[in-house]
Amino acid sequence: MSDSNTTNFTNPSTFILLGIPGLEAAHVWISIPFCTMYAIAILGNFTILFIVKTEQSLHGPMYYFLCMLAVTDLVLSTSTMPKMLSIFWFNSREIDFSACLTQMYFIHCFSAMESGIFVALALDRYVAICDPLRHSTILTNSVVAKIGLAVLLRSGILTLPYPFLVRRWPYCRTNIIPHSYCDHIAVVKLACADTRISSYYGLFVVFSVIGLDVPFITVSYIQILRAIFSLPTKDARLKTFGTCGSHLCCILSFYIPEFFSSLVHRFGHKVPLPVLVLIANMYLLLPPLLHPIIYGVRTKQIWDRLLQLFTRKGT
């Protein structure tokens, strides 16, 4: 592959992922925190799924949405980390062209899906706090399933053009991707054609997802906070705010890195490439790591059930 910079081709059979350009000598050391974060994310999200499945009292809308979030986090992190670790440990940089497009689709599809699940969680908290008497009649199991299906279809359809647009571009300069996974913009930049349609569509998806979801979540939580502060006792306010606090922490841990990564990757031309790639990696690693920790610690029902499991094992 030494001549991959100069070889002319229009349909490369493989791409070359560089990992974190400029930090190749430190790849083994970088893999240690990455692998640790991935292992904690896998363990934490499977624990959430196990606890909700085995505890009958947790079979409710909020916990079903948490299970959807856990599955999304598992797919999102697993679609990137195994290949990333193989680059860091074994210098296995080649990725098949079709596999690259598949990875790209899964990353962007499940990122959009995660945003939709946060909207569903905001809706659940809004109904539970602002209209608690109708919560069980509004958010039935059937409605929860329809919301989950709508989130899945929206994400799948919105991101479906990504691989098809990328496949139609000619790649006549290089097949080297200066990244640790097949990010949409990183691949599009390799094409030797006018790729504005891909760039514009990428921005359209970002602002369609964030531009619709964030205002809805913001309005929901403004109403929720107003309802919380109107509660009669301080204990009731603290208890209700504690439940919503975990949701807000997870929402911020997802949207802030995603929004920052998207803008910096498109407009941060003066930002060093290793910093760009590290930010993009953190955007995919941090939310799956933090979500089960935040929900496990701050959601009393999950925390109590988790303590019961460890207490039984200890006994």
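The values are calculated or read from the model by the stated rules, or taken from the named source; none is laboratory data. The structure displayed is predicted, hence computed values, not measured ones. Neighbour counts are summed over all protein chains in view; Cβ atoms, including those assigned to glycine, are modelled from backbone coordinates with ideal geometry. Just so you know, the surface numbers come from the protein's heavy atoms only, side chains and all, with ligands and any DNA or RNA stripped out. Shrake-Rupley method; radii C 1.70, N 1.55, O 1.52, S 1.80 Å.
Counting only residues that are β-branched (Val, Ile, Thr), surrounded by fewer than 18 Cβ atoms within 10 Å (Cβ to Cβ) and touching a residue at least 60 places away in the same chain (Cβ under 8 Å), the range 204-235 holds 1 of them. Only a single item in (1) open to solvent by less than 40 Å² (accessible area, probe 1.4 Å); (2) over 18 Å from HIS247 (Cα atoms); (3) not β-branched (Val, Ile, Thr) is not met by GLY148, and it is number (2). The residues in the range 21-30 that are of a type in the set (A, V, I, L, M) and open to solvent by 70 Å² or more (accessible area, probe 1.4 Å) can be counted, and the count is 2.
Can you report the number of residues in the range 31-54 which are aliphatic (A, V, I, L, M) and buried (at least 19 other Cβ atoms within 10 Å of the Cβ)? Going through the range 31-54 one residue at a time, the tally reaches 5.
Do we have any residue at all in the range 86-105 that's among the basic types (Lys, Arg) and outside any helix (DSSP H, G or I)? Within the range 86-105, one or more residues are among the basic types (Lys, Arg) and outside any helix (DSSP H, G or I).
Counting only helices (runs of 4 or more DSSP H) wholly contained in the range 122-210, the ones carrying 2 or more residues that are among the small types (Gly, Ala, Ser) and under 23 Å from the mean Cα position of the chain (by Cα) occupy 141-159. ILE197 falls short on exactly one of the conditions (1) in contact with a Leu (Cβ under 8 Å, 6 or more places away or on another chain); (2) in contact (Cβ under 8 Å) with a residue 60 or more places away in the chain; (3) among the hydrophobic types (A, V, I, L, M, F, W, C), and that condition is (2). All of SER98, SER92, SER57 fail the test of being small (Gly, Ala, Ser), over 18 Å from VAL151 (Cβ atoms), exposed (fewer than 14 other Cβ atoms within 10 Å of the Cβ) and in contact with a helix residue (DSSP H, G or I) (Cβ under 6 Å, 6 or more places away or on another chain), apart from SER92.
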